Every structure is written in structure tokens, then in C-alpha cells.
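All remarks here apply to the structure that follows.
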Amino acid sequence: MNPLIAPALPFDMKPRAREAVRDLKLQQFVGNATHLKDTQRGGIFDRDFGAEYDALRTVARDTKQYALDHLDELLERFIANAEKSGATVHAATTGREACDIALSIARAHQAHGRAQSCVKSKSMVTEEIGLLPAFEAAGIKTLETDLGEFILQIDGDAPSHIVTPMIHKDRVATAKSFVRELGARYTEDPTELTMIARAHMRGLYRAADIGVSGANFLLADEGSAVICTNEGNFDLSVGGPPVHIVFVGIEKLIRGARDLAPFLKLLARSGTAQPLTIYTSFVCGPRRAGEHGGPKELHFVLVDAGRVGVLASEKRDLLRCIRCGACLNACPVYRKVGGHSYGSMYAGPIGAVLTPELERAQGGANASQSGAGLANYPDLPRASSLCGACYEACPVKIDIPKFLLHDRTRLRERGLSPKSEGATLALWRWLAERPTLFRMAIGAVRLHARMLGQKDSRDERAWLTRVPGPGAGWTQSRDLGVATGESFREWFSKRGSR
Amino acid sequence: MTTRQSAVDALLARVRAAVRAQPVTVREVPSHAVVRRVTCDTANLADLFATKAAAVGMRVTRVDEAGLDAAVTTLLATHAQADAKVVVAMRDANLAARASAIAGTRLAANDNDDLLFDCFVGITDVDCAIAESGSLVVSTNGRIRNAWVTPPIHVAIVRAAQILPDLVDLFESATDALDAASTTIITGPSKTADIEGVLVTGVHGPAAVEIVLVS
Ligand code: SF4
């Protein structure tokens, strides 16, 4: 697996974070893109829901919490209905098991040792279980069809954001890898680059033996999966190959289509400020008699990989996450340190709490892991200013700061935390200075005009509300005594003079 | 019992125990009233749908029944070269016949899984449309799968009577759209902003969605 998202444990975040804050380009791209998305998110909710936004989030929170609190019933219903539709349902306790299930499905379709190929639509859980390396090791040539994931794949890079995986990369890097890997002529034009990728993938869709995807939601009533994309790559991945495998974490279950509307209305608005993703695709069973196109076999691989353990724990709430990416965009720390600093496919605030928890819950079931949880990721709970922006941004109201505090306390109790330094205020000051530094950096490196063009006074206000004077509006709601003493100042003082 | 079945049963057993390990905090799914933005009595759903569909980057041509064939003819002439293949994927047999006649010699034979990649235009009708988000809902009920996503141009024929007020109505209405093997809610042309946040359309699906709205 790629060490960027599956590093050796225990994971030391500091070197990566230090490198990221020194990388002007990364600061510029991640800073601007997250800032813009965060502002646009506020804008579209103001416009479309106004004062009712909070009530909508409460509905979504409770609807998803209901599903988790009744997950056994829902799971049973889903399995029965999916099988009724003609799909085959599998269950995997570990990532390795999930990969093995897929490999045995692939083998069952292999004709005379012929090499097989796979088209894959973007999915976080397949990153988590390491499907790509498992397929490649078995000789199954796999194509990431999401443009961002494709570019990362040909570069041996890894996603650094849940929704916009190549947020840390620029067009120049893309242009170079297209020349190198695809034999394309050199161009930095995003439209031309996209068309080169499109042309490259068209033939591969036609020829693929297996399609693979994740799912955003599983519907128990219908026995179907819902997949949201902007590119349409899921529809092509599922439409062509004779076999399709949906990998999905069990926490994606909801009662059914009757409960779907709040999530669809929140997901794309929270992630990319769209009313809905361009494609919201429902897949219910394999192709039916007389139909052209669509898989002849549809498999669901229900993945545990620590989720059952989280469900049983006091952190059940974390499983409400719909992977919208809003908390990453809103987080002042994510904006500085970038996604790879979190050592997981789940970066940002949600990653900081979820990654150690999933690792702990797997109890060392994966060979590369020990199941030590927090002790394996001692920096993650400190990768936060506890400003509360993630909680405010979260469409399902996961109280991430509460869980971060909880983890900090546990680290301290176990003697894994440095002595209190009272560094939190220094951190705030440091963050408050950053907008100026961004602007200075902008002069040094090329910045796409579109990003600048969309920055407006509203944007500045959004920043200011997120970065108040030292401690303002924050000490009232958070326990400073618990929150202080973390390692950020350490990192920044160590990195020498700016 | 197969290994597959016993693994599924084992997962169910573990989930059952895990659910019990914590108190149930939500006993009933809350009312979704706040989710709805547009109600049934909205005076002109067709206007709202046209506005919202345009806002997400689809083009809308409004015609009456008599003007439908001419509108489709014009769109084909605008988008497709004389030898470009056209696929017609309609549930409505009458509409299918009319569209096929317009496509004429360019009509692709509807007989194999591979044909869509050779087509330049896909003409479909819809199961329904959603005013609130400007979305089209297209399923494999009577239509070749992916005729709306594989060719570079999608022409969708929507009748005003098919427009539902809100997304909520799709899930509460009696339509059979979600019973199909595949159903897609389409809210704009295929797009990406993966490279430096620059918006590009037509990455995998169509670069242009042309809606002919028939009142
Ligand atoms: S924790 Fe909330 S804001 Fe963050 S990705 Fe999950 S749903 Fe979105």
C-alpha cells in the first residue's frame, strides 16, 4: 500500500507537516481551494436553506443516527432485498478478506489465464483496504477512472482530500505525467489535459472485464446502492464490464430512498457547493432479462475493517460521516498541513478522529498494524486548533472537537502527551498571520486567475470569523485547561525562521 | 452453508452485538418536512425547472407539441456531423419512432452492448424531472443503459407534466423510476474541477445536455 496513506506505525505526523508548511505551492493550492469551497458552501446553504440550514442538519444527523442504532435490522433487510434483485452479497471482516473476495470473483471469470482488466470508480473504502495493490499483484490491470484519482495513480501519488483527491497537485505536474505515462504532447491546459485522459480511458472501459466502485449510500428497502459522481465515471464503470463489485462500509446503510433526500441535498452542497452531484446513480441488481448493457453479475462486498468496533464504542457518532469533505475545507490546520500529513486516506478533522479508532477496532487484524489505536497516531488528536469549524461545517453534526478532546485526554492519561506548554494562543496568532503570508507567496508562484477572481470580501469575512483574536469566542465553549499543551508550536518553532 | 453465507451471518451477529453495546439515541426517524424546498402548489414548475436546469449548465429549448420534431431536428443539425451516429433510447414508443425518423440513416442499430461508444448523440425521454434542482431522472425502464451518459451529447425530451416539484417527491411519488436496474438523476453536463479547480465539462459523460421542454 502507498505509505502516504498507509505509513509505518507509530506514525509521526511532524516531518510531513513541517514539509507541508514550507511548501509554498501546496500552501497556495490547498489554502485557496479549501478557502473557496468553504465560502461557497456557506453561500449555497444561505441561499437555499437560510435559517433552516441548522434544522436540516439535525434531520440528517438523527436520520443517520437512527440507521446506526438499528444497523442490524437494516443490514438484514438490505441483504434480503439485494439478493431478491439478483445481486450477491459478501461480508469481509478485514481489508485483506475484502480483497480476497474480489480476487476470487475475478478468478471465477478468468478465461484460460488471460490477463484481466478492471475499471474503477472513486471509492475511499477501496483505498482503505488496498484493493489496487491486491489487484495489481494478481495481474489485474486496474484503471482509476475519476480524473483526479487517475492522475494520482499514474504518478504513484495518493489522495490528500476525500472529495478533491489531487488538491495538492498542479497542472504542470499533470502535464508532465501525461507526456511521460501516456505519450501525450505537452499541454498545461486543463481542458486539453482532461480530453487526453478521456480519450485514453474510453477504450479501456470497452475492454474491461471487471468494474469496481464504492457507494455513498446503501438502501435497505430497495436493496440498492447510490453512487454520487460529477464525471459520470461510475455509470460507465458499471455499464460496460460483465461483472461489477461494489465495496461498501456497513455504515453507509440508511432505511431506504424515503430517507435519502436530506443526505443528497446536504452532500454536494457541503462538498462542492452544488445542489446535487451531476450524477446520482442508483444500481439495483444486475442487468435484467432482455436488457443491453449493465453487469451480468453484481456483487456487494460489505466491509467491516473496524467499523463494527466503532459502532460498539462511544464513538459511534463518527460513523454518521457521509464523506462530504466540508470539515477538511473548513479546518485551519488541514489548510496548512495538507492531507498527506494525516497518514491516512481520511485526512482532516474527521480523519484525525476516525483513523486511530478504525485501527484500534481492527485489533491488529491487518498485518501492517498493531491495533494500538491512538498510540499509533499520537499526533492526530493535536492536529487541531479546536476552533469548532469542523463541527459547524458538518452536515450530520459530528462533534469532532469533542472526540479530539477525548483523545487528548486519553493520550495524557497514558503518558503519551508532551507536558502542557500553553501553546494554543501562539497557534492562533500564527494562523491569523497566514492570510498575509499567502498573499506574499502568491507573488512568487503562478496562481490561476479563477481562484483569485472568486475571492471576494465575503471570503475575507469568512476567514476572520474563523480566526478570531486569541481565544475569542472559543474559551467560552471549550475547556482551555484540557485543550492546551499541544504540539503545534513545537512544529512551527522548529521549522526555523519564516 | 457456503463460506459466503456464513461470513454474512457472522457479520450480522457482530453488528447485532455492537448495536446493543451502546444505548439507542434515536428511536424514530424525524420528519423530513424541512428538507422540501418546493411544494406542489408552486405556480409554474416548468419555469422553475427551466431556470434551475440552465443554472447547472444544461441548455433548455421550450416548445409546444407541434414544435418538438423541428427542435430535435435543429439540435441534431447543430451538434452532429452528417455521418455521426445517433442512439435513441425511449420508453415512449411514439416518441422513439419520431426521434428515429429524424435521425434517419444516422440511427445506430440497437442491438449490442458496444454501440454506445460509437454514437455521438443520445436522445432519450425521461422518467421524470425535478424542478427544485433542475434535474433529469432517467432509468433503464425501457431504455438502453447509459445512452444518456456515453455519447458526447445528450438530448433529453421532457414533458411539462413530468416535472416533480422537489427531490423529495421523487422518493415519495409512485413512479417506478427507482425499481429499474439502473437509474440516474442528472444535474448538469459531466464535469470535473480536479486540475487546479478549473471547471471542465465532458470528462466522461456528455459535454452538453440539451433539454427539449414540451409544454
Ligand atoms: S465529518 Fe462531517 S463534515 Fe467531515 S467529511 Fe464527514 S460528514 Fe463531512
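Throughout, read-outs are computed from the coordinates displayed, never taken from laboratory work. All figures in this text were calculated on a predicted structure; none of them were measured in a lab. Reconstructed Cβ throughout: ideal geometry from the backbone, glycine too, with neighbour counts over all protein chains shown.
Report, in listed order, any pair from A:K120/B:K85; A:K169/A:K315; A:K14/A:K265 with a Cα-Cα distance greater than 31 Å.
A:K169/A:K315; A:K14/A:K265
Give the peptides B:79-90, A:116-127 in descending order of average Cβ contacts within 10 Å, highest first.
Going from most to least packed, we get A:116-127, B:79-90.
Amide H to amide H under 5 Å from B:V212: which residues, 5+ apart in sequence or cross-chain, H placed 1.01 Å off N in plane?
B:T61, B:A156, B:I157, B:V158
Residues of B:165-171, mean number of Cβ from any other protein chain within 10 Å of their own Cβ, rounded to a whole number?
That works out to 4 on average.
Distance in nm between label sites at A:L103 and A:R206, each 7 Å beyond Cα in the beta-carbon direction?
The answer from the label model is 3.2 nm.
Can you return the aspartates and glutamates within cross-link range of A:K296? Criterion is Cα-Cα under 18 Å, with same-chain partners fewer than 8 residues away left out.
A:E83, A:D209, A:D235, B:D111, B:D113, B:D114, B:D179
What do the square roots of 5 times the Cα gyration tensor eigenvalues come to for the stretch B:41-214, in whole Å, largest first, as semi-axes of the equivalent ellipsoid?
23, 19, 17
For chain B, what is the percent of antiparallel DSSP beta bridges, rounded to the nearest 5?
About 25 percent, rounded to the nearest 5.
What residues qualify as long-range amide H neighbours of A:A91, i.e. H under 5 Å apart, gap of 5 or more or another chain, H built at 1.01 Å from N?
A:L302, B:V8
Only bridges whose two residues both fall in the protein assembly as shown count here: according to DSSP, what percent of them are antiparallel, nearest 5?
30
Could you compute the net charge surrounding A:A134? Neighbours are other residues with a C-beta less than 15 Å from the C-beta of A:A134; K and R count +1, D and E count -1.
-2
With a/c under 1.5 counting as rounded, go ahead and sort the stretch A:14-308 into rounded, prolate or oblate using the C-alpha gyration tensor (a ≥ b ≥ c being the square roots of the eigenvalues; past the cut-off, prolate if a/b is larger than b/c, else oblate).
oblate
Amide H of B:A131: which non-local residues (sequence gap of 5 or more, or other chain) have their own amide H closer than 5 Å, using H built in the peptide plane?
B:L164, B:D166
What's the local net charge at B:G202, with K and R +1, D and E -1, over the other residues with C-beta under 11 Å away?
Charge balance in the 11 Å sphere: +1.
What average number of partner chain Cβ atoms lie no more than 10 Å from the Cβ of the residues making up A:268-278?
Neighbouring Cβ atoms belonging to other protein chains average 5 per residue here.
Give the residues of the stretch A:157-175 whose amide nitrogen is closer than 17 Å to a point set 7 Å from the Cα of A:T187 in the direction of its Cβ.
A:171-175
What ³J(HN,Hα) values, in whole Hz, does the Karplus curve 6.51 cos²θ - 1.76 cosθ + 1.60 give for the stretch A:39-49 when θ = phi - 60°, with x put for Gly and Pro?
So the J values, rounded to whole Hz, are 5, 5, 4, x, x, 6, 6, 4, 5, 8, 10.
Can you sort A:L143, A:L386 so the residue with the fewest Cβ neighbours within 10 Å comes first?
A:L143, A:L386
In 5 Å bins starting at 0, how do the alpha-carbon pair distances of the stretch A:299-398 split up by percent?
Going out from 0 Å in 5 Å bins, the stretch A:299-398 shows 2, 14, 22, 24, 20, 12, 5, 1, 0 percent.
Just the number, please: percent antiparallel of the DSSP beta bridges in the stretch A:14-308, rounded to the nearest 5.
Given both bridge residues lie in the stretch A:14-308, the antiparallel proportion sits at roughly 25 percent.
So in the protein assembly as shown, which Cys have no other cysteine's beta-carbon sitting under 4.7 angstrom from theirs?
A:C99, A:C118, A:C228, A:C284, A:C321, A:C324, A:C331, A:C387, A:C394, B:C40, B:C119, B:C128
Could you calculate the FRET efficiency of A:A137 with A:T88 from 1/(1 + (r/R0)^6), where r is the beta carbon distance between them and R0 is 22 Å, rounded to 0.05?
In this case the efficiency is close to 0.40.
Within the set of other residues whose C-beta is less than 11 Å from the C-beta of A:N81, count the net charge using Lys and Arg as +1 and Asp and Glu as -1.
Once positives and negatives cancel, what remains is -2.
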